[in-house]
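To keep things clear, I will list the structure first and then write my remarks on it.
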Amino acid sequence: MILQQKTQQKTAFSPSPKRSVHVMTWGCQMNVYDSARMQDVLQPLGFAPVNTPEEAEIIILNTCHIRDKAAEKVFSELGRLRLIKEARKAHGQQTLIAVAGCVAQAEGEELLTRAPYVDIVLGPQTYHRLPELLTHVARTGKPVIDIDFPTEQKFDFLPHNKTPQTSHSPTAFLTIQEGCDKFCSFCVVPYTRGAECSRPVSAILEEAHRLVEAGARDISLLGQNVNAYHGTGPDGNLWSLAQLAYALADIPDLLRIRYTTSHPRDMHNALIMAHRDLPKLMPFLHLPIQSGSDRILRAMNRGHTANDYLAIVQRLREARPDIALSSDFIVGYPGETEQDFEATLHLVQQVGFALAYSFKYSPRPGTPAAEADGQVPEDVKNTRLQILQKILHDQQNAFNDQFVGRSIPVLLTSRGRKQGQIVGRSPWLQPVHINGSDHLIGQERLVHITARLSHSLLGNLDENKTSLPQ
Ligand code: SAH
Ligand code: SF4
Ligand code: F3S
């Protein structure tokens, strides 16, 4: 059954302190944010998070459809959860399994055919209706599907007067924009997340204030196309991401502002100038390019060339000389020749990335590229990926090496894995490990970097300098 309408039923799940929910999250940061919101929606009903599915009355899988592997993982996990559900039933305990996120959106009813023991299928735009869906399943004993793209923003259903559960950390995510109208020919996101849509400025500022009051010092603004942000401002005009960044920078205890993921086409001058003018806007930008070949970029429907990208990088570096760049790459896109791949390597050498993610092209059902001629054999993709990843990892090491011997401001965020160790984050998003006690968590301190590890830095509190550089 597809639940088309927002039902008016009252929930059958009355508040009880003993209820338990376990949420598993795959995919991008927005799914991390959404998982926390699902917990927020369930909290008034008495559902508290538990660490294992074996303990949980409700198990939620928040899924990702971006590549074949990500989607298939969901089905193997569901097989395991089916056994847990049966074992709990044998002990007289009820378990509901909900599949949320992009696989749910893409598969819909098909998901119930493949995994009939699933109780709830809900999309990224409908999780605020989770309580009603639970009621529905409890009343009817039948599975329910709710994958509409509602016209109202899901955010408006969320409790506004409540501090979000994720907010007790010095770092926090804040979704400001969702969906995508770009339709890159390889990508499922426009189909799973729907059309581009921005939250109003006032709702974002309100949430940012609440997060900061609860201890957040480093906020990452999220959106599938975050720099296409165009939300209604308090003056009635549409505000850009740059305008929003200036407004957020006025929150005194908010020390750091980031945003991800950006598209080169929307990297407008005002935003570049915000990097020049706002010290709180961190000198790190994730700006995916996907390929260095104009032929492939055109086939991907990216709407920019390699030179457009290089010009943006140059303007960014002029505006904020210490800005570090990160990117995404796809190798083996249909029709990619050795020459195209060489162009990607050339672009990587020209830019010099601090961090990068690279993937083998994965054909996704319903996307134009999946039907395109010239699909690249798996072994060619493997070889290209290895070559690219080696270069990108070398660049990452070279970037991190330059910090050894320097003192940098680190926001200390959590305990490390080792006893007495604290982990923090540099302005350039590097994890930094130091020895220190818990009272440091939440503070930004100068750290003298002593070594570079594989993906992080090691250092000591710089006791000589008590104040941070302005
Ligand atoms: N909105 C962001 C990121 C979307 S998904 C953007 O536009 O950049 C994150 C990354 O997954 C993409 O940047 C791309 O590199 C990769 N990706 C998306 N679809 C893919 C596919 N079909 N095969 C392999 N990688 C893919
Ligand atoms: Fe996907 Fe392209 Fe949209 Fe990014 S811009 S989400 S890669 S369609
Ligand atoms: Fe995956 Fe959906 Fe994010 S497909 S990358 S969870 S938008």
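Quick notes on this one:
- Of all DSSP beta bridges in the chain, antiparallel share, percent nearest 5: 35 percent
- Backbone geometry of segment 221-228 corresponds, through the Karplus equation with coefficients 6.51, -1.76 and 1.60 at θ = phi - 60°, to 3J(HN,Hα) couplings of 7, 10, x, 5, 9, 4, 7, 8 Hz, x marking Gly and Pro.
- Spatial separation of Cα centroids for segment 168-201 and segment 214-288, in angstrom: 14 Å
- Accessible surface of segment 15-78, 1.4 Å probe, proportion on carbon and sulfur as whole %: 53 percent
- If you plug the beta carbon distance of Ser76 and Asn397 into 1/(1 + (r/R0)^6) with R0 = 35 Å, you get a FRET efficiency near 0.55.
- For Gln177, nonlocal amide neighbours, meaning residues 5 or more places apart or on other chains whose placed amide H falls under 5 Å from its own, are Arg199, Leu222.
- The magnitude of the dipole of the chain, with charges of +1 and -1 set on the Cβ of Lys/Arg and Asp/Glu and taken from the Cα centre, is near 920 debye.
- The string of couplings for segment 371-387 from the Karplus curve (6.51, -1.76, 1.60, θ = phi - 60°) is 9, 6, 6, x, 4, 8, x, 4, 5, 5, 4, 4, 4, 5, 4, 4, 4 Hz, one whole number per residue in order, with x for Gly and Pro.
- With all protein chains in place and a 1.4 Å probe, the accessible surface of segment 149-282 carries 55 percent carbon and sulfur.
- Extension gain for the segment Ala372 to Gln389, taken as residue separation times 0.36 nm less the Cα-Cα distance, is 3.6 nm to one decimal.
- Cysteines, the chain, no other Cys beta-carbon under 4.7 Å: Cys28, Cys64, Cys102, Cys180, Cys197
- From the Kirkwood radius over Cα pairs of the chain, Stokes-Einstein at 20 °C and 1.002 mPa s returns a whole-number translational diffusion coefficient of 90 µm²/s.
- Over segment 407-461, relative contact order from alpha-carbon pairs under 8 Å, at least 6 apart, %: 36 percent
- Surface accessible to a 1.4 Å probe, Thr171 within the full protein complex, Å²: 30 Å²
- Once you divide the Cα radius of gyration of segment 407-461 by 2.2 N^0.38 Å, the number left is 0.95.
- Selection from Gly194, Ile97, Ala274, by position along the positive dipole direction of the chain (Cβ): Ile97
- Potential lengthening between Asp294 and Glu463 on full extension [0.36 nm per residue; Cα-Cα distance subtracted]: 55.8 nm
- Pairs exceeding a 29 Å alpha-carbon distance, out of Lys73/Lys390; Lys381/Lys418; Lys89/Lys418; Lys280/Lys381; Lys182/Lys360: Lys381/Lys418; Lys89/Lys418; Lys280/Lys381.
- Cα-centred dipole magnitude for segment 407-461, charges only on beta-carbon of K, R (+1) and D, E (-1), debye, nearest 20: 160 debye
- Per residue, the chain reaches -10000 deg cm²/dmol at 222 nm when only DSSP H runs of four or more residues are counted, each adding -39500 (n - 2.57).
- For Val432, residues with placed amide H under 5 Å, excluding near neighbours: Gly424, Arg425, Ser426, Leu457
- Applied to segment 273-286, the Karplus parametrisation 6.51 cos²θ - 1.76 cosθ + 1.60 on θ = phi - 60° returns per-residue 3J(HN,Hα) values of 5, 4, 5, 6, 8, 10, x, 6, 6, 5, x, 8, 9, 8 Hz, with x for Gly and Pro.
- Here the convex hull built on the C-alpha positions of segment 165-263 has a volume of 96 cubic angstrom per residue.
- Using a probe of 1.4 angstrom and keeping all protein chains present, the accessible surface of the chain works out to 44 square angstrom per residue.
- In a fully extended conformation the segment linking Asp250 and Ala138 would gain 35.6 nm over its present Cα-Cα distance, using 0.36 nm per residue.
- Under 5 Å, built H, 5+ apart or other chain: amide partners of Lys360: Val331
The values are calculated or read from the model by the stated rules, or taken from the named source; none is laboratory data. If you're wondering where the values come from, they're calculated on a predicted model, not measured in any experiment. Note that each Cβ is placed from the backbone with ideal geometry, even for glycine, and that neighbours are counted across all protein chains shown. Just so you know, the surface numbers come from the protein's heavy atoms only, side chains and all, with ligands and any DNA or RNA stripped out. Shrake-Rupley method; radii C 1.70, N 1.55, O 1.52, S 1.80 Å.
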